[in-house]
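Quick note: the coordinates plus some simple rules give every number you see, no bench work behind them. Just so we're clear, the structure is a prediction, and the values are computed from it rather than from any experiment. Glycine gets a Cβ as well: all are built from the backbone with ideal geometry, and neighbour counts include every protein chain shown.
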Amino acid sequence: MTQGKLPRTLRSLVRRAGARLADTSSGAIRIALGWDAVTDSMMGFCSVESNCVGPWMLTVTLPSFLASAWMPQPIVKLAKAGKSDVGIIAFGSSDPAVEEGRVILERDHGVATDYLRLRALPIGDETRKFIESHRVVYVVEQNRDAQCAQILRLELPKRATMIESVLHYDGFPIDAQSIVEQIAAAEQAKEKGKS
């Protein structure tokens, strides 16, 4: 997280406070500073809430376009043969299974994939470009309701039909085989639909 990307007023607040930034995943940024440091010019781009953690803590809620600049950027890995038209998005502990699944998909099923490891929400430009540049994007999640895929569909409504869920929620850790089976079946169904 660099202070160079912060809006000028927030940069001066952080510098004045010598604060660390925290809790940005929800778009809320906690900055340790005194109440006198809050100026009217700050109100132009964010709202200041009075829910303090302590006498010197302030929570600032930024719009998502500002918050996304502070988030950890996603990690993108392209297919060995260059860019593929099939993308996979995953996050957290799904990463090792997805990496193994990509190898199996290419070796056994001939499906080369690009992979984006999502590290934070709200999504930034890199995630948007990744989704827009693929024919289909499979979102690997370890839950029943496909929450991340739903968020991505809301962020990119024009590409919503191209975002498909790969779900794993049987109580066991996710494995590469469950990812491979779902993606291979979906790709085979698409091939049958073409012919």
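Miscellaneous remarks
- Ranked for footprinting exposure by Cβ neighbours inside 10 Å, fewest first, 128, 107 give 107, 128.
- Label sites at residue 119 and residue 77, each approximated as a point 7 angstrom past Cα along Cα to Cβ, lie 1.5 nm apart.
- Proxy reagent accessibility, fewest Cβ within 10 Å first, across 162, 71: 162, 71
- Full extension of the chain segment joining residue 154 with residue 194 gains 11.6 nm, where the gain is 0.36 nm per residue of separation less the Cα-Cα distance.
- The tail of the calculated P(r) for the stretch 93-195 beyond 21 Å holds 34 percent of all Cα-Cα pairs.
- Rel. contact order, % - alpha carbon contacts under 8 angstrom, at least six apart, the stretch 75-194: 29 percent
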